Amino acid sequence: MIKAAFIQFAPYLGDLNKNIVLLDKLIDKSKSADLLVLPELANSGYNFNSKEQAFQLAESINNSKFIRFLHDKCRRHDLYIVSGFNEIDNGKLYNSAVLIGPNGYIGKYRKVHLFLNEKNIFSRGNLGFPVFDIGFCKIGMLVCFDHFFPEAWRILALKGAEVICHPSNLITKFAQKTVPVHALLNRVFVITADRIGKEKELEFTGKSIIVNTVGEILYQAHEDAEEIGIIEIDPEISKDKMITPGNHILNDRIPEEYSELM
Ligand code: ACM
């Protein structure tokens, strides 16, 4: 069993240092967790005033105060963290999720399905859907609006992901319906870490969730409160893909019948 967790909070738009000060306290309160998920763009905030502001607030993976801070927390608390991250690389911005552990930065995913104005700011993710083995479980990552695309979930399940970490800044209230279904269809655990608060015209909808492999919501946060959710899960259960004694949800797929998908 491991302790899976999220921190639901309101990142400050444009103030990395304030986000670090706030998260310093919140991560200390979550230190019993083994795997902790933070919201989308937790280092920068979401609703930028301009593309220029988004660039000013981005960090590169190799030179990031935010990642150094998260690594220090992981080392002190023997913890793995997945966090949304405004990433700059080679002059392009990516809406990324980073995975960090006690020994430092492990890997990243770059959001593929960009939402609304994100299309004017970020480049589309170009790393596919990687899965990372951290010893006690295999981790996949999706970012917010990616939740609408079953193909992304399926690829992660086919690659062996057991826990899908889902940093989010949700505007709509659909994810609490879609995520449990994807969890069930792929027999994976999901941690959706949403944010709260308002940035100009956008109001974020909270209700972060941790979902088990039969689509049951094990923990749901409130709509507008800063909140830490921690719950025990057994990632091993995700390896069992049998939904009846004769049906394996991945092996029973018939990909040659799906060619029209392309
Ligand atoms: C979203 O993708 N931030 C809704």
Discussion item. Going residue by residue through the range 62-69, is there one that turns out to be within 16 Å of the ligand (Cβ to nearest atom), out of contact with any strand residue (DSSP E or B) (no Cβ under 7 Å at 6 or more places or on another chain) and among the hydrophobic types (A, V, I, L, M, F, W, C)?
Written reply: no
Item to complete: Answer yes if at least one residue in the range 156-165 is surrounded by fewer than 24 Cβ atoms within 10 Å (Cβ to Cβ) and β-branched (Val, Ile, Thr), and no otherwise.
Response: no
Worksheet, complete the sentence: Note: among ILE100, ILE88, ILE81, just one is in a strand (DSSP E or B), more than 15 Å from the ligand (Cβ to nearest atom) and surrounded by fewer than 24 Cβ atoms within 10 Å (Cβ to Cβ), namely ILE88
Discussion item. So for the range 94-104 (the condition being among the β-branched types (Val, Ile, Thr) and touching a strand residue (DSSP E or B) at 6+ places or on another chain (Cβ under 6 Å)), does at least one residue qualify?
Written reply: yes
Item to complete: Might you check whether a residue that is touching a Pro at 6+ places or on another chain (Cβ under 6 Å) and under 16 Å from GLU236 (Cα atoms) occurs anywhere in the range 163-178?
Response: yes
Practice prompt. Look through LYS207, LYS138, LYS200 and report the one residue that is within 27 Å of GLU226 (Cα to Cα), in contact with an Asp or Glu (Cβ under 7 Å, 6 or more places away or on another chain) and among the charged types (D, E, K, R).
Written response: LYS207
Worksheet item: Only one of these conditions is not met by LEU156: (1) closer than 22 Å to ALA42 by Cβ; (2) without any contact (Cβ under 8 Å) to a residue 40 or more places away in the chain; (3) within 15 Å of the ligand (Cβ to nearest atom); (4) not hydroxyl-bearing (Ser, Thr, Tyr). Which number is it?
Response: (3)
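The numbers here are math on the coordinates, done by the rules we state, and not lab data. All of these numbers come straight from a predicted model, not from anything done at the bench. Glycine also receives a Cβ, built like all others from the backbone with ideal geometry; neighbour counts cover every protein chain displayed.
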